[in-house]
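J.: Can you keep this structure in mind? I'll have questions shortly.
The values are calculated or read from the model by the stated rules, or taken from the named source; none is laboratory data. Nothing here was measured: the structure is a model prediction, and the numbers come from that model. Cβ placement follows ideal geometry from the backbone for every residue including glycine, while neighbour counts extend to all protein chains displayed. Heavy atoms of the whole protein, side chains included, go into the accessibility calculation; ligands, DNA and RNA do not. Shrake-Rupley method; radii C 1.70, N 1.55, O 1.52, S 1.80 Å.
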Amino acid sequence: MSQVWLIGRPVAHSLSPAMHNAAFAKLGLPHRYEAKETADDQLAPTLDRMRREEDVLGANVTIPHKESVLRLLDEVDDEARRIGAVNTIVSRGARLIGYNTDKYGFEMALEMQPPNFSWVSAGFPFFEDTVLILGAGGAARACALSLLEHGNDVEIANRDPERADALARSIEVDGRHPQVVSWPRGRTLVDAVVNATPLGLNGEEALEDVQLPLWVIDLVPTAAETPLVKRAKATDNVTVVDGLSMLLYQAARSFELWTGVPAPIEVMRAALPRAV
């Protein structure tokens, strides 16, 4: 039986094993997806083990390794390098190749979410809008590039301003970069907010005491709705995209990279603890 790993810390909460193992079983593939708790000093040895073990198809990479893993891989896909983050590794013999499926997952999650207002047409819902991203890690990088490519103004707020500055400098579309702003307080003058931090994983509210814009996209993929998602759903005229949707679509793309066959997305959707 071949293996696919989830590399990160923490990973005990992850819903990915249930999704991928259901998909493998549906297609009769002799594969097993396993979460591997991986500290910073274990990342390089874990990748070396992947190179040595012939039964490892690849891996997903999650917090906090999406950026640091790039320099440890044998090859990195052009889009992943442009984003500056890898969330999927494919093993080709003794070579490890990095990809990013977060951007695809983000775009699909937005395109598949019906808005709460009639003036937004089908497809990617933002164009010439202002979108605030909370966070400056791998997921934030993927979202920032996508939003810039779709013609939006992107703002970045992060608790560590140096990381926000680094993201803003490195993500560029046609000479346009994200703008670093302070963490929001009170009223936000933006069209949408994306929570690309882990805030909400342990019951925190990412935007406590902040007035919500018309769109709230919370990327935290938890079995129960995060406090931010609950508040947004209880607020009139706010369209909400929660983390399970992006998780589903990025997972389907990763599945196809490992196996070379279309993902049984409805099986993967059914394996999630809540409707998507």
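J.: Counting only residues that are farther than 21 Å from LYS66 by Cα and outside any strand (DSSP E or B), which one in segment 189-201 is modelled with the lowest pLDDT?
T.: LEU189
J.: Which members of segment 216-236 meet the condition of being assigned to a loop (DSSP other than H, G, I, E, B) and in contact (Cβ under 8 Å) with a residue 60 or more places away in the chain?
T.: Correct list: LEU219, PRO221, THR222, ALA223.
J.: Additional query: Select from segment 18-33 the residues that are open to solvent by less than 70 Å² (accessible area, probe 1.4 Å) and either aromatic (Phe, Trp, Tyr) or out of contact with any Pro (no Cβ under 7 Å at 6 or more places or on another chain) (or both) and list them in ascending order.
T.: Step one: of segment 18-33, the residues open to solvent by less than 70 Å² (accessible area, probe 1.4 Å) are 18-24, 28-29, 31, 33.
Of everything in segment 18-33, those that are open to solvent by less than 70 Å² (accessible area, probe 1.4 Å) and either aromatic (Phe, Trp, Tyr) or out of contact with any Pro (no Cβ under 7 Å at 6 or more places or on another chain) (or both) turn out to be ALA18, MET19, HIS20, ASN21, ALA22, PHE24, GLY28, LEU29, HIS31, TYR33.
J.: Out of the residues in segment 213-241 that are surrounded by fewer than 23 Cβ atoms within 10 Å (Cβ to Cβ) and polar (S, T, N, Q), state the one that is modelled with the highest pLDDT.
T.: Selected residue: THR235.
J.: Kindly check whether there is at least one residue in segment 61-77 that is over 24 Å from PRO184 (Cα atoms), part of a strand (DSSP E or B) and under 17 Å from the mean Cα position of the chain (by Cα).
T.: Checking segment 61-77: at least one residue is over 24 Å from PRO184 (Cα atoms), part of a strand (DSSP E or B) and under 17 Å from the mean Cα position of the chain (by Cα).
J.: Could you grab me the full set of residues in segment 17-57 that are part of a helix (DSSP H, G or I), among the charged types (D, E, K, R) and without any contact (Cβ under 8 Å) to a residue 60 or more places away in the chain?
T.: Once the filter is applied, which keeps residues that are part of a helix (DSSP H, G or I), among the charged types (D, E, K, R) and without any contact (Cβ under 8 Å) to a residue 60 or more places away in the chain, segment 17-57 yields ASP40, ASP41, ASP48, ARG49, ARG51, ARG52.
J.: Now for a different question. Could you grab the pairs with beta carbons closer than 6 Å, sequence gap of 6+ or different chains, first residue in segment 171-188 and assigned to a strand (DSSP E or B), second one open to solvent by 60 Å² or more (accessible area, probe 1.4 Å)?
T.: VAL173/GLU149; VAL180/ASP165; ARG187/GLN211
J.: Can you work out which of the residues in segment 189-212 that are open to solvent by 10 Å² or more (accessible area, probe 1.4 Å), of a type outside the set (Asp, Glu) and in contact with a strand residue (DSSP E or B) (Cβ under 6 Å, 6 or more places away or on another chain) is farthest from ILE265 (Cα to Cα)?
T.: Residue satisfying both the conditions and the ranking: GLN211.
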